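One structure is given below, encoded as structure tokens.
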């Protein structure tokens, strides 16, 4: 069995947890301390693609659209959103953890075809909620690929 090699760590300020970024051969994994299993893996991304395809389907008929993606992760939601929209569109991705953006600018970015290199991508470092509470939001589609569920995982305010 090929061993996992740890490539990075990130402290989560709101809950005291830690993300661990690892690689095994061509596979990448991001784990969160305190939960069993992985938070995300580069081999498993169909739900991210489906989210973007469904959320951006009606934007294929327009050249200009503005999509908001909440959560960068491994970049699959962002990458598919970029594929779905026109060349004059913009996709803003909101990410809480700076290291996740850094990892995507490096070797992790290759998994999703380096969507941060696309000129249509804009990064918002902070909570997606900040972009949803502006006086006049201008988003044509909002794709929330965050850890919300019955309980929070990475951000205590997500409870």
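The values are calculated or read from the model by the stated rules, or taken from the named source; none is laboratory data. Because the structure is a prediction, the values reported are computed rather than measured. As a convention, Cβ positions derive from the backbone with ideal geometry for all residues, glycine included, and neighbour counts pool all protein chains shown.
Scan region 92-104 for residues that are touching a helix residue (DSSP H, G or I) at 6+ places or on another chain (Cβ under 6 Å) and either modelled with pLDDT under 95 or within 23 Å of residue 43 (Cβ to Cβ) (or both) and jot them down. Walk me through how you get there before you give the answer.
Our first condition is that a residue be touching a helix residue (DSSP H, G or I) at 6+ places or on another chain (Cβ under 6 Å); within region 92-104, this holds for 93-95, 104.
93, 95, 104, listed by residue number.
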Residue 10 vs. criteria under 18 Å from residue 143 (Cα atoms), over 12 Å from the mean Cα position of the chain (by Cα) and surrounded by fewer than 21 Cβ atoms within 10 Å (Cβ to Cβ): no
Within the set of pairs 6+ apart or on separate chains, which have a first residue in region 30-48 that is surrounded by 15 or more Cβ atoms within 10 Å (Cβ to Cβ), a second that is at pLDDT 90 or above and in a loop (DSSP other than H, G, I, E, B), and C-beta atoms under 6 Å apart? 40/73; 40/74; 42/74
So is residue 102 touching a strand residue (DSSP E or B) at 6+ places or on another chain (Cβ under 9 Å), closer than 21 Å to residue 130 by Cβ and touching a residue at least 60 places away in the same chain (Cβ under 8 Å) or not? yes
Failed item, numbered, when residue 142 is tested on (1) under 21 Å from residue 45 (Cα atoms); (2) crowded, with 19+ Cβ neighbours inside 10 Å; (3) touching a strand residue (DSSP E or B) at 6+ places or on another chain (Cβ under 7 Å): (2)
Any residue that is at pLDDT 95 or above, in a helix (DSSP H, G or I) and more than 19 Å from residue 9 (Cα to Cα) - is there at least one of those in region 128-150? no
Tally the residues that are within 16 Å of residue 2 (Cα to Cα) and out of contact with any strand residue (DSSP E or B) (no Cβ under 8 Å at 6 or more places or on another chain), restricting the search to region 23-46. 2
Provide a single number: the residues in region 109-128 that are out of contact with any strand residue (DSSP E or B) (no Cβ under 8 Å at 6 or more places or on another chain) and either without any contact (Cβ under 8 Å) to a residue 12 or more places away in the chain or within 18 Å of residue 99 (Cα to Cα) (or both). 6
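Restricting region 9-35 to residues that are assigned to a strand (DSSP E or B) and in contact with a helix residue (DSSP H, G or I) (Cβ under 8 Å, 6 or more places away or on another chain), which is nearest to residue 73 (Cα to Cα)? Before you say what the answer is, go through the steps one by one.
Of all residues in region 9-35, those assigned to a strand (DSSP E or B) come to 9-11, 18-24, 27-32.
Checking the rest, the ones that are also in contact with a helix residue (DSSP H, G or I) (Cβ under 8 Å, 6 or more places away or on another chain) come to 9-10, 19, 21, 23, 28, 30.
Working: 9: 14, 10: 13, 19: 11, 21: 11, 23: 15, 28: 11, 30: 8 Å.
The residue in question is 30.
Pick out, from region 36-127, the helices (runs of 4 or more DSSP H) lying fully within it that include 2 or more residues that are over 23 Å from residue 25 (Cα atoms).
So the answer is 46-56, 76-84.
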